[in-house]
């Protein structure tokens with residue numbers, strides 16, 4: 001094994017090849033090759049960039065993560081959501097019988113007690129920092145689910161996660177967390193950004209900043225309420241773009 005830049009590489013030989021006929025394969029590719037998530041394909045670089053911004057923003061607010069988890073307790077899936085969930089659990093676990101794990105309580109019940117208790121903090125931390133790690137996988141599902149994406153987080157990257165975090169129904173240890181969400185960034189909005197354009201009703205009324213003289217200088221004071229409302233609006237906008245509907249542990 002040797003290193004080019006920040007990437008570790010290994011030399012592999014196929015059967016019947018001579019030493020001069022070799023392939024360079026990254027350690028990351030070698031580690032993830034053959035796993036169930038290889039049935040899915042990476043999203044585009046531009047979509048990954050926007051999605052990583054969205055999950056980082058979400059992860060920076062543990063209260064929003066708690067709300068997300070609480071909303072999932074009584075969530076009622078559409079037929080498409082349920083089919084996408086069963087497909088991804090079957091592929092990621094490599095097991096059958098996934099129909100009994102549709103509810104969030106049953107899925108999170110696969111976590112070890114200490115991880116289940118600390119899940120809001122663990123999930124928030126992993127979302128906040130996941131863009132730093134090469135083994136964070138962001139993939140799209142088959143064409144039957146054009147707006148559904150799967151984010152796969154390796155818990156070994158996050159302090160305090162202490163994998164394994166749980167077991168599959170078949171008993172396999174889980175060191176990763178899978179997050180299923182709807183991607184709204186590709187909706188037709190008539191704009192180049194690929195995101196919905198706010199309607200006139202959604203645009204808040206403009207608040208003019210107060211102007212206060214200070215000696216010979218004019219100081220502009222931006223109201224605190226305005227700063228807070230802008231921040232909350234941005235967080236809500238990002239959550240609309242990335243609508244999480246299911247979470248489960250996986251090997």
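Bear in mind that the values in this text are calculations on the coordinates, not laboratory data. These figures come from a predicted structure and were not determined experimentally. In this analysis, Cβ positions are derived from the backbone assuming ideal geometry, glycine residues included, and neighbour counts consider all displayed protein chains.
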Roughly what would the spin-label model give for residue 144 and residue 106, points 7 Å off Cα along C-beta, in nm?
-> 1.8 nm
Set the Förster radius R0 to 35 Å, insert the Cβ-Cβ distance between residue 39 and residue 62 as r into 1/(1 + (r/R0)^6), and round the FRET efficiency to 0.05.
-> 0.60
Stretched out fully, how many nm does the piece from residue 118 to residue 71 gain, at 0.36 nm a residue minus the Cα gap?
-> 15.2 nm
Residue separation times 0.36 nm, minus the C-alpha to C-alpha distance between residue 53 and residue 156: what's the value?
-> 34.9 nm
Of the listed peptides 116-129, 70-83, 97-110, what is their order by residue-averaged count of other C-beta atoms within 10 Å, with the highest listed first?
-> 116-129, 97-110, 70-83
Put a dot 7 Å past each Cα toward the Cβ at residue 78 and residue 133; how far apart are the dots in nm?
-> 3.1 nm
